[in-house]
Amino acid sequence: MVFEQYPDHVVDYVTNPRTGIQRTSKFPPTISEIVAACDARVADIKRKERFQNWGNNEPLIEGPKQEKPTLEELKEKYGPNWGIVRDEPKKPIVRAPDMEEIRRHYQNFDLGFQRRDGHDG
């Protein structure tokens, strides 16, 4: 019944005295030893098939079927700078106020201003 689960070539290999289970176990082998030997032979055959077909059985990934836009169409869609740089003018650089400007600001709004070194400003 165990041998019925496997193809004939696996049964022939496992039961052959030159290649089979008789070479690795004491006679009579147990059912689990027979199953292990058959499974090992099937695994060997599958491994050999994988190596023989290495790279041949993987489907190729195809790109999209739609037509790619031309360079002119891309420039028309995104502009001459490809949408990377905006056409808006750059904002002017604003410098940070110095300590005297900050002190005057606080005085205008009647806020207390004290420098870190402890002196009142």
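The values are calculated or read from the model by the stated rules, or taken from the named source; none is laboratory data. Fair warning: this is a prediction, and the values are worked out from it, not measured in the lab. No Cβ is skipped: glycine too gets one built from the backbone with ideal geometry, and neighbour counts run over all protein chains shown.
Quick notes on this structure:
- Selected residue [modelled with pLDDT under 90 and in a loop (DSSP other than H, G, I, E, B)] from Glu76, Glu67, Glu100: Glu67
- Sole exception among (1) assigned to a loop (DSSP other than H, G, I, E, B); (2) over 38 Å from the mean Cα position of the chain (by Cα) for Val11, by number: (1)
Yes/no matrix, rows are residues, columns are (1) of a type in the set (A, V, I, L, M, F, W, C); (2) modelled with pLDDT of 80 or more; (3) assigned to a helix (DSSP H, G or I); (4) surrounded by 10 or more Cβ atoms within 10 Å (Cβ to Cβ):
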| residue | (1), (2), (3), (4) |
| --- | --- |
| Lys48 | no, yes, yes, yes |
| Phe51 | yes, yes, yes, no |
| Asn57 | no, no, no, no |
| Glu88 | no, no, no, no |
| Gln107 | no, yes, yes, yes |
| Asp110 | no, no, no, no |
